[in-house]
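The values are calculated or read from the model by the stated rules, or taken from the named source; none is laboratory data. None of the values given here were measured: they were computed from a predicted structure. Heads up, the Cβs are rebuilt from the backbone with ideal geometry, glycines too, and the neighbour counts pull from every protein chain shown.
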């Protein structure tokens, strides 16, 4: 319930944003067109003034992005009322780029794509008062290494953008957010969440949340801290200390709980070609639990109300490859009836989730993207009873997901999920009473495909003939740089470096030759010698400084048309000619001799360099590039700023003991997606309703698609 | 000449977390209709993940597509292998210039030669 309430806090902001997006879509109909939108110089003859300047970003709902953009605006070279100038408009684009890039400094990130494009619109091209609007659009990604690869970060980033961004690079202090929601069990509920940052302490933030309805109430206070260990394996450590209280209906029963929790959570950096992240954690909990079905509890070897203690351990993995992302978790809980070491029960939970996206071939890059998404989730659990089992610890099922771990950094379901039955009512009318079950499984399938949307890369940007090639160019350059740096570790190149000894000897002789030149030489000779001296300084730097990086420089040093050695040879030719002109024949011959020796060495070395097989470096670089390609592909070909999709669902759930057996849910609805944040509303039919059950239930969910598979 | 101003910046950290590559391509428009492409190339390295990154190469090059086909090909197709290696060497030259060991003219020349190092066999614009 609290988890549901937590994600609900995002609704008003998202709805407002989508409403604005829809409104923005409708507005251009009344806008004035520009006759030369791609020719800024047409408007740069002093006869156009700037009506307004805007900076837009698809992700400016993230607090840190919005604040950065707002801070840039007053510094832009062109302000409303100024005479338009292509040069100054371009300088504005450069300023925005610099500031957005600087905002990411200090943030650990494994990838960032930052695109800023300027455009002009609403041109008034007649009459003496000619005007236009200048609009800058910025697209940036600023996810850090761990967060890019787990579903939960993106949920956090989008649910509570300000607080999440604050942990990375902002100076937020206090955040208050109201929220509301509805489900049939809890009815209409509302509340607020308050989060305050604690700078410089062990904990980074303190949060207080409370919600209530005629049927339920939830309160929580939590201190949370995050650390990023300087480790090649461990990416993130989180710890939490909190207290929560919940009071929720469960059919004719009520589940009440008050408990303290202390948690530690860790995650590795992405490992291997599938970006596999291992996660692990532990939680120590204590408090009390009450229910209202004493008779039913007694007859099922359970206890309606008792003290509560638990030690939970959990381990999991998330991985991705191509269009498939996967998450699997196992949790185990040893529970006691209060402050005791006598274990009364052991709970085991398994939760598996997979998302697959099928991408149709796109013929028009400016249209919204239409990925067909299949989401599957299977979870199950069993309780080993070693003594009396608290009723609140039994499994209850319905259309609200219950989390095994308090807090929001990891989502492991702790009960059956079926969308055709209201929260906590899966076996609410079983003959043994509304006390839940001791084992369960559930399977959930969701299918969706957008029928309307706006791509995240704005149409104007995608249509610019230089934009996509520039992105491709950046990608190609990154690959070449990775190949070059991977060469540094190949044994063949290390052997090659040993073969540079003869060249080094020639360079040493050249150094002696330059030092031996007479002091009373002409300016031409002096200039030519200075060029050779520069060459020598560079060759010494390349060959003798940071030798581990030398293989990556060998092509530029020896092989390319304008290589360092080629330029040295050219400058030696010039020096020889200058010495000849100065009637210094012996010195000219010496220069010529050294030049020829160096040229010979260059020929030998280039031939040897060409024979080196560096396919291993290419293979490793291409492996490095998979993640980069995936992110680029997502941004360019999959991601919509906003989209609407019809949704189909199919659920199966079973809980034991329950004489009604396996239950089903079949239904449909609509999904509104904002970037990768999905709000789904629909109705699931209960095809075979049991006694006192309805024909189905409305379902409402919010989740996050793993973008960067 | 048709021109709207934009920039694309790609930053990548290798999976071993030891290298960081940052490439920025920017297109600027002038009042006279001319276009200027700028390329910033940076490479940072560190020996292990417990120490901060240090600059290995930091290079800013102005590309003039009207003057050289290779410049436009570079802007639209990216650096090829030879150009990438030449950029690493140009980074050394830039470092020497900062130390006063080579002339400014030479540092600028080496930066421009990154573009000239493009192979004739590499993709054209």
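Within segment A:102-133, work out how many residues are at pLDDT 85 or above and either facing another protein chain (nearest Cβ under 9 Å) or within 17 Å of residue B:26 (Cβ to Cβ) (or both). Explain how you work it out, then say what you get.
Residues of segment A:102-133 at pLDDT 85 or above: A:116-126, A:129-133.
Narrowing the set further to residues that are either facing another protein chain (nearest Cβ under 9 Å) or within 17 Å of residue B:26 (Cβ to Cβ) (or both) leaves A:116-120.
Residues flagged as at pLDDT 85 or above and either facing another protein chain (nearest Cβ under 9 Å) or within 17 Å of residue B:26 (Cβ to Cβ) (or both) within segment A:102-133 amount to 5.
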Residue A:236 - would you say it is closer than 25 Å to residue A:317 by Cα, at pLDDT below 90 and either crowded, with 21+ Cβ neighbours inside 10 Å or touching a helix residue (DSSP H, G or I) at 6+ places or on another chain (Cβ under 6 Å) (or both)?
yes
For segment A:65-90, what are the residues that are at pLDDT 95 or above, over 15 Å from residue B:5 (Cα atoms) and either within 14 Å of chain B (Cβ to nearest Cβ) or in contact with a helix residue (DSSP H, G or I) (Cβ under 6 Å, 6 or more places away or on another chain) (or both)?
A:82, A:83
Exactly one of (1) more than 7 Å from chain A (Cβ to nearest Cβ); (2) in contact with a helix residue (DSSP H, G or I) (Cβ under 6 Å, 6 or more places away or on another chain); (3) surrounded by fewer than 24 Cβ atoms within 10 Å (Cβ to Cβ) is unmet by residue B:83. Its number?
(3)
What single numbered condition from (1) without any contact (Cβ under 8 Å) to a residue 12 or more places away in the chain; (2) in contact with a strand residue (DSSP E or B) (Cβ under 9 Å, 6 or more places away or on another chain); (3) at the interface with chain A (Cβ under 7 Å from one of its Cβ atoms) fails to hold for residue B:102?
(2)
Within segment A:676-702, restricting to residues that are more than 19 Å from residue A:422 (Cα to Cα) and touching a helix residue (DSSP H, G or I) at 6+ places or on another chain (Cβ under 7 Å), the one that is modelled with the highest pLDDT is A:677
Taking segment A:461-484 as the region of interest, how many residues are more than 7 Å from chain B (Cβ to nearest Cβ) and over 25 Å from residue B:85 (Cα atoms)?
4
When residues of segment A:625-637 are limited to those that are farther than 24 Å from residue A:448 by Cα and either touching a strand residue (DSSP E or B) at 6+ places or on another chain (Cβ under 8 Å) or in a strand (DSSP E or B) (or both), the one nearest to the other protein chains (Cβ to nearest Cβ)
A:628
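Please find, among B:57, B:61, the residue that is within 29 Å of residue A:85 (Cβ to Cβ) and in contact (Cβ under 8 Å) with a residue 24 or more places away in the chain.
B:61
With the condition kept exactly as written, say whether any residue in segment A:521-538 is closer than 22 Å to residue B:117 by Cβ, within 8 Å of chain B (Cβ to nearest Cβ) and in a loop (DSSP other than H, G, I, E, B). Reasoning before the result, please.
First, the residues of segment A:521-538 that are closer than 22 Å to residue B:117 by Cβ: A:531-532, A:534-538.
Filter once more, so that each one left must be within 8 Å of chain B (Cβ to nearest Cβ): A:531, A:534, A:537-538.
This time we only want the ones that are in a loop (DSSP other than H, G, I, E, B), so: none.
Taking every residue of segment A:521-538 in turn, none turns out to be closer than 22 Å to residue B:117 by Cβ, within 8 Å of chain B (Cβ to nearest Cβ) and in a loop (DSSP other than H, G, I, E, B).
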Within the bounds of segment A:511-520, is there any residue that is touching a residue at least 24 places away in the same chain (Cβ under 8 Å) and within 14 Å of another protein chain (Cβ to nearest Cβ)?
yes
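For the subset of segment B:105-125 comprising residues that are assigned to a loop (DSSP other than H, G, I, E, B) and out of contact with any helix residue (DSSP H, G or I) (no Cβ under 8 Å at 6 or more places or on another chain), which member is farthest from the other protein chains (Cβ to nearest Cβ)? Spell out how you get there, then give the answer.
Going through segment B:105-125, the residues assigned to a loop (DSSP other than H, G, I, E, B) turn out to be B:117-125.
Pick out the ones that are also out of contact with any helix residue (DSSP H, G or I) (no Cβ under 8 Å at 6 or more places or on another chain) and you get B:120-121.
Working: B:120: 9, B:121: 12 Å.
Among those that are assigned to a loop (DSSP other than H, G, I, E, B) and out of contact with any helix residue (DSSP H, G or I) (no Cβ under 8 Å at 6 or more places or on another chain), it is B:121.
Could you tell me whether segment A:638-657 includes any residue that is part of a helix (DSSP H, G or I), away from chain B (no Cβ under 14 Å), in contact with a strand residue (DSSP E or B) (Cβ under 9 Å, 6 or more places away or on another chain) and in contact (Cβ under 8 Å) with a residue 40 or more places away in the chain? Break it down stepwise before answering.
Step one: of segment A:638-657, the residues part of a helix (DSSP H, G or I) are A:638.
Retained after the next criterion (residues that are away from chain B (no Cβ under 14 Å)): A:638.
Adding the requirement that they be in contact with a strand residue (DSSP E or B) (Cβ under 9 Å, 6 or more places away or on another chain) leaves A:638.
From what is left, the residues that are in contact (Cβ under 8 Å) with a residue 40 or more places away in the chain are A:638.
Yes, there is a match, as at least one residue in segment A:638-657 is part of a helix (DSSP H, G or I), away from chain B (no Cβ under 14 Å), in contact with a strand residue (DSSP E or B) (Cβ under 9 Å, 6 or more places away or on another chain) and in contact (Cβ under 8 Å) with a residue 40 or more places away in the chain.
Does residue A:635 satisfy being touching a helix residue (DSSP H, G or I) at 6+ places or on another chain (Cβ under 6 Å) and surrounded by fewer than 21 Cβ atoms within 10 Å (Cβ to Cβ)?
Against the criterion (touching a helix residue (DSSP H, G or I) at 6+ places or on another chain (Cβ under 6 Å) and surrounded by fewer than 21 Cβ atoms within 10 Å (Cβ to Cβ)), residue A:635 does not qualify.
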Boolean, residue A:262 is touching a helix residue (DSSP H, G or I) at 6+ places or on another chain (Cβ under 8 Å), under 30 Å from residue A:436 (Cα atoms), modelled with pLDDT of 85 or more and not in a helix (DSSP H, G or I)
no
Look through A:306, A:340 and report the one residue that is under 22 Å from residue A:391 (Cα atoms) and not in a strand (DSSP E or B).
A:340
Considering only residues of segment A:37-64 that are modelled with pLDDT of 90 or more, closer than 22 Å to residue A:465 by Cα and not in a helix (DSSP H, G or I), which is farthest from the other protein chains (Cβ to nearest Cβ)?
A:55
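To keep it simple, each residue is scored yes or no on (1) over 19 Å from residue A:488 (Cβ atoms); (2) at pLDDT below 85.
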| position | (1), (2) |
| --- | --- |
| B:70 | yes, yes |
| B:79 | no, no |
| B:90 | no, no |
| B:96 | yes, no |
| B:102 | yes, no |
| B:115 | yes, yes |
Among the residues listed as A:568, A:587, A:550, the single one being within 10 Å of chain B (Cβ to nearest Cβ) and either part of a helix (DSSP H, G or I) or crowded, with 16+ Cβ neighbours inside 10 Å (or both):
A:550
